[in-house]
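Shown next, in structure tokens, is the structure this report addresses.
The values are calculated or read from the model by the stated rules, or taken from the named source; none is laboratory data. Predicted model only: the values in this text are computed from it and were never measured. Neighbour counts are summed over all protein chains in view; Cβ atoms, including those assigned to glycine, are modelled from backbone coordinates with ideal geometry. Accessible surface areas use protein heavy atoms only, side chains included; no ligands, DNA or RNA. Shrake-Rupley method; radii C 1.70, N 1.55, O 1.52, S 1.80 Å.
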Amino acid sequence: MFFCKLGQIGLRCIIASVLLFGLFGCAATQTYVVQPGDSLPDIALEHDVTLSALIKANQAQYPSLAVDVENPQVGIELVIPSENDLGFDNWLGQLTQAASPPITPAPNVPAASNEKINAVVQLIQRGINRERIARNLPPLTLDAPLSEIAQDRSNDMIRRAYFSHQDPQRETVAFQDLIRRKQYHFIFAGENIAEIKNQGSLVPSGLTVYARYGPDEIANQFVTGWINSAEHHDNIVNPHFRKTGIALGVSVDGTRIVATQIFSD
């Protein structure tokens, strides 16, 4: 079942509440020993990797990392994934090149930085989990494969200049296509998407939504908008969901931010 609705607080949101019956079932160049006071976002930033990539590289050995990214166990040895050694810009460029054929020309350089993206993702997860805990539901675990799917979705909506759960060329539900193509095992899955953008043209670089607002303000816009929308909220508090992936896409000029959150059992 699909629901489409305009969001609130000036944030355009569309939701798909999708229940799917699943049919499907890093190499390391260096390691890092967690020190007192470390957080995963800090470690990711220090080594120029994304938070989701760091979790993915270590989730099998340390599943609790995805539950509490701020307090990793001191003394554990984390694998630093080599595929991100070139930095976020090249990594995101590789993802966009793998996306569907563009309707509009793809930007060569994303506007987003590791530091800001990691902070916003962390704050969104915290806000969503706060809402679940308030309703006596377990917090969602940040899942690296789901975060990759969410990243593909956000990048694709930025690259091809659309905002929809439906692929504008294939006319299929885009996240369903991705989750099946990657052979992700699930019984239930869902997606929330939202965007914040400048309405006018020729916006000075310092006044774009990405440059002007900090991680707290950006994350709060997305979390508040989803919680205040009934269909989005249904996904957030769905008791079947246990894992999530969260990712941002940012236009090259910084005038548009797209957030995607994927949910799964």
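Which one of PRO110, PRO72, PRO101, PRO105 is more than 17 Å from the chain's Cα centre (by Cα), under 27 Å from PRO215 (Cα atoms) and either in a loop (DSSP other than H, G, I, E, B) or at pLDDT 80 or above (or both)?
Of the residues listed, the single one that is more than 17 Å from the chain's Cα centre (by Cα), under 27 Å from PRO215 (Cα atoms) and either in a loop (DSSP other than H, G, I, E, B) or at pLDDT 80 or above (or both) is PRO72.
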Is it the case, given these coordinates, that VAL237 is over 16 Å from the mean Cα position of the chain (by Cα) and at pLDDT 90 or above?
yes
List pairs: first in the stretch 123-137 and under 13 Å from GLN261 (Cα atoms), second aliphatic (A, V, I, L, M) and open to solvent by 10 Å² or more (accessible area, probe 1.4 Å), Cβ under 6 Å, 6+ apart or cross-chain?
ILE124/VAL223; GLY127/VAL223
Does ARG159 satisfy the criteria of being among the basic types (Lys, Arg), crowded, with 23+ Cβ neighbours inside 10 Å and under 13 Å from the mean Cα position of the chain (by Cα)?
no
Would you check which residues across the stretch 113-146 are more than 17 Å from ILE236 (Cβ to Cβ), buried (at least 24 other Cβ atoms within 10 Å of the Cβ) and not hydrophobic (A, V, I, L, M, F, W, C) and list them?
ASN118
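Using the structure shown, decide if ARG126 is modelled with pLDDT of 90 or more and under 15 Å from the mean Cα position of the chain (by Cα).
Yes.
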Hey, can you tell me all the residues within the stretch 185-209 that are farther than 18 Å from ASP156 by Cβ and in contact with a Gly (Cβ under 6 Å, 6 or more places away or on another chain)?
HIS185, PHE186, ILE187, THR208
Is one or more of the residues making up the stretch 193-206 among the acidic types (Asp, Glu) and surrounded by fewer than 20 Cβ atoms within 10 Å (Cβ to Cβ)?
no
Residue list for the stretch 131-169, filter: hydrophobic (A, V, I, L, M, F, W, C) and outside any helix (DSSP H, G or I):
LEU137, LEU140, LEU142, ALA161, PHE163
Which of (1) more than 18 Å from the chain's Cα centre (by Cα); (2) open to solvent by less than 10 Å² (accessible area, probe 1.4 Å); (3) of a type outside the set (Val, Ile, Thr) is the odd one out, the single condition GLN183 does not satisfy?
(2)
Sort out which residues of the stretch 75-95 are modelled with pLDDT of 80 or more and not hydrophobic (A, V, I, L, M, F, W, C), and write them in order of number.
GLY75, GLU77, PRO81
